[in-house]
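Reviewing the structure listed below.
Here, each number is a calculation from the coordinates, and none is a lab measurement. All values reported here derive from a predicted model rather than from experimental measurement. Because the Cβ atoms are built from the backbone with ideal geometry, glycine has one as well, and the counts that use them run over all protein chains shown.
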Amino acid sequence: MLATLIPLFDHTMSVCAYSVFAQKENFLLNPRLLGVGRYDGASNIEGFEIIENMGLDTVAGDKSVFIEMNNISLFSDIAGQCNAPHDRIVLLLDKDMPAEERYIERLKELKEQKYKLAIRKLPVSCFEEYRQVLSLMDYIMLNHKKIDIGKAKVYFSKVYPNIKLVAVNVDAQEEYDRLKEGGGYDLYEGEFFRMPIKKGNEEIAPLKVNYLELLKLVNDVDFDLTDAASVIERDPALVLSLLEMVNRMTVNSGITSVKHAAAMLGQKELKRWINTAATKELCVDRPSEIMRLSMIRARFCENLAPVFSLASQSSELFLMGLFSVLDVIIEKPMSEALDMVSVSKEIRQALLERTGPFAPLFDFMWQYENASWQEVSRQMVVGDIDLDPVYKAYVESLRWFRDLFAK
């Protein structure tokens, strides 16, 4: 199984839903699946399998989830495959579904069961033919590069006033800002929220400078616990977080100071905690998905280390994933951002040049995150990588992130 989550944002950059994109097999290892074999077991919905295995809260928190459907799975026992609340599930269809009576009747049944419906890849030329289908949709996904949103806004407001318009393939922050300002779309999907910063802000807030100083300190080869504790003491949020964590880990520890707590953790664990906690604090004024992305990438890269024969460098790979959006977090170009923290040559090569020993893993993580299954499958064939450990690495990353913020 291959699976990943793609966020959908509103005009405030808040995530309102996630799309679950999944693929059961490596098609390059099973060529017959590229033909009629792709319909084998088509009534089993991979997205539901993921939700059932992981739990809806792990997958998407309190957000809605878009689940891919096909013409066969649409008629399967949907409720029997997933126990999640129906009103949190959006069944995602595409243009391959015929606008025929039996399909329309099935969509009506699903609406009565409180499921939400969405459609994508439907050409404008088919809107009239799909009139009855569109009247049942809660969302329609539109390629903003191929549609006049001004005309679309008028059309949908008159003919389908209850349908929400989703702009897909939003690849740059400038595109998102322009679309948001122009109005018409309700949600946005694309890479815009994580694209590299080319030109950053002139100044960094003093509090962020403190976190960056701490990151630089602990990522030196042999940092001093006392020095780290002195920097932590400047920030009440970090002090509280550190003490809470140490108290959870120990019984009757009798901790009397931040220096004592740091000593209880030891250099390795303190470094890991600081990297995670300081990055979290750096993200406070950024869209919440940036922090989530940073954390999940960190854990996913760490979990993939054995798959890429890099198990001995798993801590470095955790850091690579964590800092992979540092430019977005502090709004500085990546080269400047990495100068503000201490990272290895291998991490710099991977993040700045996409070269070096960590680059193949970083590229694999990126392709996986984007649900580029054909490229992911190719890399697994070339690298003799099995599906199962990759899927487990990703699922564990989601669970780790959930537990990280559990009360």
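Reducing segment 284-309 and segment 111-178 to their Cα centroids gives an inter-centroid distance of 32 Å. Bridge orientation summary for the chain: considering DSSP beta bridges with both residues in this region, about 30 percent are antiparallel. Using alpha carbons only, how many degrees (0 to 90, rounded to 10) separate the axis of helix 387-404 from the longest principal axis of the chain? Between helix and principal axis, roughly 70 degrees. Shape class for segment 116-182: prolate, because the ratio a/c of the largest to smallest gyration tensor axis (alpha-carbon atoms, square roots of eigenvalues) is 1.5 or more and a/b beats b/c. Using a cut-off of 26 Å between Cα atoms, the listed pairs 108/158; 63/111; 24/180 include 24/180 as exceeding that distance. Over segment 286-407, Cα pairs under 8 Å with separation of 6+ residues give a relative contact order of 28 percent.
Rounded, prolate or oblate: which fits segment 286-407 when a ≥ b ≥ c are the square roots of the eigenvalues of the alpha-carbon gyration tensor, with rounded for a/c under 1.5 and prolate only if a/b beats b/c? The shape class here is oblate.
Contact order for the chain, expressed relative to its length and based on alpha carbon pairs under 8 Å spaced 6+ residues apart, stands at 16 percent. When a/c is below 1.5 the answer is rounded, else prolate if a/b is larger than b/c, else oblate, so apply that to the chain with a ≥ b ≥ c taken from the square roots of the Cα gyration tensor eigenvalues. Prolate, because a/c is 1.5 or more and a/b exceeds b/c. Averaging the sequence gap over all C-alpha pairs within less than 8 Å and six or more residues apart, then dividing by the number of residues, gives segment 2-194 a relative contact order of 17 percent. List the chymotrypsin sites (Phe, Trp or Tyr not before Pro) in segment 97-142 that DSSP assigns to loop (not H, G, I, E or B) and whose Cβ has at most 16 other Cβ atoms within 10 Å. Which are they? Nothing satisfies the criteria. Restriction of the trypsin sites (Lys or Arg not before Pro) in segment 281-357 to DSSP coil positions whose beta-carbon has at most 16 other beta-carbons within 10 angstrom yields 354. Where only DSSP H runs of four or more residues are counted, the chain gives -14000 deg cm²/dmol as its mean residue ellipticity at 222 nm, each run worth -39500 (n - 2.57).
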